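Asks: Shown below is the structure under consideration.
Values quoted throughout were computed directly from the atomic coordinates according to the rules given, and no laboratory measurement underlies them. Model, not experiment: these values are computed from the prediction. Cβ atoms come from the backbone with ideal geometry, glycine included; neighbour counts cover every protein chain shown.
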């Protein structure tokens with residue numbers, strides 16, 4: 001994929017690109033549910049979570065991709081309730097999961113993240129994270145030594161727009177003072193991290209750090225792509 005020769009900033013998506021939950025989401029929900037009297041199987045929890053997550057994604061698209069901290073809490077309360085129905089104290093269960101995913105030790109840095117961030121910083125590029133998340137992300141990123149060289153951390157709930165809204169990507173340009181045509185967005189979601197930024201005039205790259213394949217390589221591909229466009 002041809003890129004502008006003068007990419008000056010690279011923003012990475014967070015979940016699935018530089019971070020992943022550990023243990024996986026389905027297991028965190030399964031164990032929390034068991035502690036609160038829920039008896040579904042792992043497969044049932046996984047299926048319900050995916051369905052609930054998709055429903056909230058559709059709800060956000062229908063509302064124009066606007067968000068804030070209140071909406072994010074509402075979103076996750078709904079996902080927890082739909083994934084673990086019948087739990088006697090839904091609020092307590094939600095709070096346990098909310099706090100769990102806000103702790104740095106619930107997340108691990110994906111392979112190649114530290115190396116590519118260091119390489120880009122050495123080349124004088126601005127490197128940041130741009131994520132559909134809430135304010136918990138700041139503490140998670142700060143606690144990870146592998147992400148110490150990350151610059152701006154842009155969170156949808158704080159700017160009022162979720163990816164793939166064009167306003168989200170324009171915010172990156174406004175924040176950095178760098179035109180969208182000179183920013184590269186890297187992520188694991190074909191719509192949020194690839195098609196959305198391209199519609200906003202930004203270069204983008206689809207990756208799959210946990211399970212690289214032909215159409216979505218690991219994070220080292222970022223450096224290779226930039227090298228190919230400089231030669």
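Asks: Considering only the stretch 23-42, how many residues are farther than 18 Å from residue 76 by Cβ and outside any helix (DSSP H, G or I)?
Replies: 4
Asks: Follow-up. Regarding residue 198, is this residue surrounded by fewer than 18 Cβ atoms within 10 Å (Cβ to Cβ) and touching a strand residue (DSSP E or B) at 6+ places or on another chain (Cβ under 6 Å)?
Replies: yes
Asks: Out of the residues in the stretch 58-69 meeting the condition of being part of a loop (DSSP other than H, G, I, E, B), touching a residue at least 60 places away in the same chain (Cβ under 8 Å) and out of contact with any strand residue (DSSP E or B) (no Cβ under 8 Å at 6 or more places or on another chain), tell me which one is farthest from residue 136 (Cα to Cα).
Replies: Just the residues of the stretch 58-69 that are part of a loop (DSSP other than H, G, I, E, B), to begin with: 63-65, 67-68.
If we keep only those that are touching a residue at least 60 places away in the same chain (Cβ under 8 Å) as well, we get 64-65, 67-68.
Now narrow it down to the ones that are out of contact with any strand residue (DSSP E or B) (no Cβ under 8 Å at 6 or more places or on another chain): 64, 68.
Working: 64: 23, 68: 13 Å.
Among those that are part of a loop (DSSP other than H, G, I, E, B), touching a residue at least 60 places away in the same chain (Cβ under 8 Å) and out of contact with any strand residue (DSSP E or B) (no Cβ under 8 Å at 6 or more places or on another chain), it is 64.
Asks: Of all the residues that make up the stretch 151-178, how many are closer than 24 Å to residue 227 by Cβ and touching a helix residue (DSSP H, G or I) at 6+ places or on another chain (Cβ under 6 Å)?
Replies: 0
Asks: In this structure, does residue 223 turn out to be closer than 19 Å to residue 127 by Cβ, in a loop (DSSP other than H, G, I, E, B) and in contact (Cβ under 8 Å) with a residue 40 or more places away in the chain?
Replies: No; evaluated as a whole, the condition is false for this residue.
Asks: Name the helices (runs of 4 or more DSSP H) wholly inside the stretch 70-162 in which the number of residues that are farther than 29 Å from residue 7 by Cα is 3 or more. Quick ask: steps written out before the conclusion?
Replies: On the way: elements: 90-100, 113-122, 136-142, 156-159.
Answer list for the stretch 70-162: 90-100.
Asks: Among the residues of the stretch 45-57, is there at least one that is in contact with a helix residue (DSSP H, G or I) (Cβ under 8 Å, 6 or more places away or on another chain), outside any strand (DSSP E or B), under 30 Å from residue 175 (Cβ atoms) and touching a residue at least 40 places away in the same chain (Cβ under 8 Å)?
Replies: No, the stretch 45-57 has no match at all.
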